[in-house]
Amino acid sequence: MKRTLSMVVGALCMATPVLAGETYVAARGGVNFPLDQSNDTTGLDVDIEFGSGALVGGALGYDSNAGWRAEAEFIYRKNDIEVLDFNGNRQTLIGEADAKVMSYMANVYWDFATDSQVTPYVGVGLGAATIDETAFYGPVAFDNEETGFAYQAIAGAQMKLTESIALTTDVRYFSIVGPDFDRVSPGGTARLDGEYKSIALTAGLIWRFDSGLLN
């Protein structure tokens, strides 16, 4: 019995592929372009246009060296609100008006090996994001801070600089599913169904080091 068990364990070990993986840390920054935002409920419609803004963040990941990577990522985005229309009428904004987004994502990438130092990749991410959006016009406040489900799609390339460092650049489509916002006026508070979607251009660096995992 013991001999049979030893043979089975040995066969499983021989049949299991060994992955020489690496852990990596990444730093990212770029420009974020939110899409026009429509927030509405019965009889109320608030449309918002944003200016371009900053994006900064980082990630801790694992590179399998077998064509895929996985990582945990944090990104902070900030954009000013430039235009706000209420029921089709342009409003004069008072003071600071902006949207701040903090996202916590789990990303998976697929790398496409080439004969050069450049490796194209695509990726998807799922997670959560907190949006804090505020604008004031007249006696009215449009704001809320809410956390919801988020997802993103990524396409880009990395260029190997040294054995352990690579330069990355990519484009990202990011969305928060169904955030709600409050329109607070002297007549009361109305809850509006909202949205948040953006496209970002990013650049960054990846530092790889031997993780000792699955070796």
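The values are calculated or read from the model by the stated rules, or taken from the named source; none is laboratory data. Bear in mind the structure is a predicted one, so any value in this text is a computation, not a measurement. A quick note on method: Cβ atoms are made from the backbone with ideal geometry, for glycine too, and the neighbour counts reach across all protein chains shown.
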Would it be correct to say that T23 is over 15 Å from the mean Cα position of the chain (by Cα), assigned to a loop (DSSP other than H, G, I, E, B) and under 23 Å from D210 (Cα atoms)? no
Testing D143 on (1) touching a Ser or Thr at 6+ places or on another chain (Cβ under 7 Å); (2) modelled with pLDDT of 95 or more, one condition comes back false. Which one is that? (2)
Answer residue from region 54-86, given it is in contact (Cβ under 8 Å) with a residue 40 or more places away in the chain and among the hydrophobic types (A, V, I, L, M, F, W, C) and is farthest from G127 (Cα to Cα) among those: F86
Just wondering, is there one or more residues in region 86-105 that are among the small types (G, A, S) and under 19 Å from R208 (Cβ atoms)? no
Considering only residues of region 160-194 that are of a type in the set (D, E) and under 23 Å from V140 (Cβ atoms), which is nearest to the chain's Cα centre (by Cα)? D180
Note on region 128-155: residues in contact with an Asp or Glu (Cβ under 7 Å, 6 or more places away or on another chain) and surrounded by fewer than 17 Cβ atoms within 10 Å (Cβ to Cβ) are T130, D132, D143, E145, A155
Of all residues in region 195-215 being hydrophobic (A, V, I, L, M, F, W, C) and either modelled with pLDDT of 90 or more or in a strand (DSSP E or B) (or both), which is farthest from I48 (Cα to Cα)? F209
Residue tally, condition in a strand (DSSP E or B) and either surrounded by 13 or more Cβ atoms within 10 Å (Cβ to Cβ) or modelled with pLDDT of 95 or more (or both), over region 166-194: 20
Filter region 31-47 for residues that are buried (at least 20 other Cβ atoms within 10 Å of the Cβ) and either more than 22 Å from A97 (Cα to Cα) or modelled with pLDDT of 95 or more (or both); the one that is farthest from the chain's Cα centre (by Cα) is P34
